[in-house]
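The structure appears right after this line, and notes come after that.
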Amino acid sequence: MPFPVSHSPEDDPRRFLIQDPTGVRHPIISLLAIDDRTGHATGLGTAFRIDPFGGYLTAQHVLEAWLAPSRPRATVVGLLNPGLVFGYGAIGADSMVIIGSASVFRTPPDDIALDRLLGRDSSRMALDCMMLSFKADKTRLHDVRDFLPLRLTGKWPKVGDEVMAIGFPELDSIQDRAIDAEVLSERMYGSIGRVTAVLPSGREHRPWPTFAVDSHWPGGMSGGPVFNRDGEVIGLVSSSDEPGSHDAQSYAFWFAPIPWLQRNLPHVDPSNAGWVRGWAVVRNAPWHVAAMANDRVQAEEIRATLTSDYSVRLGSLKAGSDDFMGADG
């Protein structure tokens with residue numbers, strides 16, 4: 001499978017507009033901070049859906065300041081795709097969703113007692129990766145279940161490989177602006193580049209697995225997915241050198257060298273990109289997968305509405321098919 005979208009021959013492959021109303025426009029969303037006092041918006045970055053149950057990933061640096069105890073007085077929202085435009089008061093619209101939970105990866109504090117005394121936090125970012133879910137009070141969160149296939153194990157990228165990042169680079173220009181059609185018009189871009197370095201131990205002051213790419217990914221793309229040539233997401237946009245600097249590059253946070261990351265993504269099959277782990281409601285003869293749930297209680301509730309020949313099994317399901325592998329083999 002190639003990259004998830006292609007560009008026109010006249011487009012610059014390092015930055016091209018994605019206008020297809022389907023496909024990747026559903027699981028990839030923009031993140032905004034809405035000032036609680038003025039209602040003005042600030043663009044933050046990009047996030048993408050990783051399972052049908054509402055799990056998303058983004059870069060931790062995108063939201064860390066906005067979700068900290070000393071955060072600005074603002075509400076962080078995701079704008080669900082595709083490309084809809086809303087007027088003022090958009091937080092109440094069905095496509096503006098508020099973060100319900102966020103999980104971060106940080107080092108232990110240097111001195112917990114001293115931190116409490118000084119009112120500080122001496123822990124540091126361990127991975128530029130954050131898991132998100134949104135409050136489930138919006139219909140569209142349930143209507144759209146498309147997600148991106150993550151590659152958590154397997155072949156590592158090599159120098160010279162082509163990769164594609166997708167995100168919203170124009171979010172960089174949205175700073176404390178009134179919510180209007182331009183702010184809420186989604187302009188998703190793709191950017192293709194070649195891997196220039198593979199750094200399993202990361203870089204100085206950024207000690208998480210990384211690979212570098214010879215393309216410029218602006219701040220608004222931070223947190224967006226990075227695809228390999230098989231259409232699998234192998235990382236997310238982490239940082240970029242200043243444009244115009246000598247040998248300017250961009251950097252992706254890279255999943256594969258972190259085996260314990262798999263335990264924190266319970267619904268992503270680490271060995272089979274695009275497969276979902278969970279509790280399936282199945283019938284053996286004739287074979288049929290009636291549903292896939294993220295917990296056993298929900299699966300049992302679904303099974304109770306069906307005939308007695310259905311059962312609940314833990315395992316992995318290939319998205320969009322009846323292909324299922326039980327956890328017991």
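Pairs of Cα atoms nearer than 8 Å and 6+ residues apart set the relative contact order; for region 146-248 it is 32 percent. Between the alpha-carbon centres of region 238-268 and region 1-71 there is a gap of 15 Å.
With a Förster radius of 30 Å, plug the Cβ-Cβ distance of Val297 and Val104 into 1/(1 + (r/R0)^6) and report the FRET value to the nearest 0.05. Show your work: numbers first, answer last.
On the way: r = 27 Å, r/R0 = 0.91.
Efficiency, from the Cβ-Cβ distance: 0.65.
Between His205 and Leu314, what FRET efficiency comes out of the Förster formula 1/(1 + (r/R0)^6) with R0 = 51 Å and r the beta carbon distance, rounded to 0.05?
On the way: r = 41 Å, r/R0 = 0.80.
Calculated value: 0.80.
Using the Kirkwood radius built from alpha carbon pairs, what does the Stokes-Einstein equation give as D for region 223-295 at 25 °C and 0.890 mPa s, in µm² per second? Walk me through the numbers before you get to the answer.
Details: Rh = 15.3 Å.
In µm²/s, the coefficient rounds to 160.
Over all directions, what mean area does the Cα convex hull of region 274-326 project, stated in square nanometres? Don't jump to the answer; show the numbers that get you there.
Values: hull surface 12.8 nm².
Answer in nm², one decimal: 3.2.
Residue ranges 212-222, 274-284 sort as 212-222, 274-284 when ordered by packing (mean number of other C-beta atoms within 10 Å per residue, highest first).
Convex hull volume per residue, computed on the Cα atoms of region 191-238, equals 85 Å³. Dimensions of region 11-83 based on its C-alpha atoms, expressed as ranges along the principal axes with the largest first, amount to 41, 29, 21 Å. What's the center-to-center distance, using Cα atoms, between region 208-234 and region 300-329 in Å? Measuring centre to centre over Cα atoms gives 34 Å.
We did not get these values from a lab; they are worked out from the coordinates using the rules stated. As the structure is a computational prediction, the values presented were derived from the model and not from experiment. Neighbour counts are summed over all protein chains in view; Cβ atoms, including those assigned to glycine, are modelled from backbone coordinates with ideal geometry.
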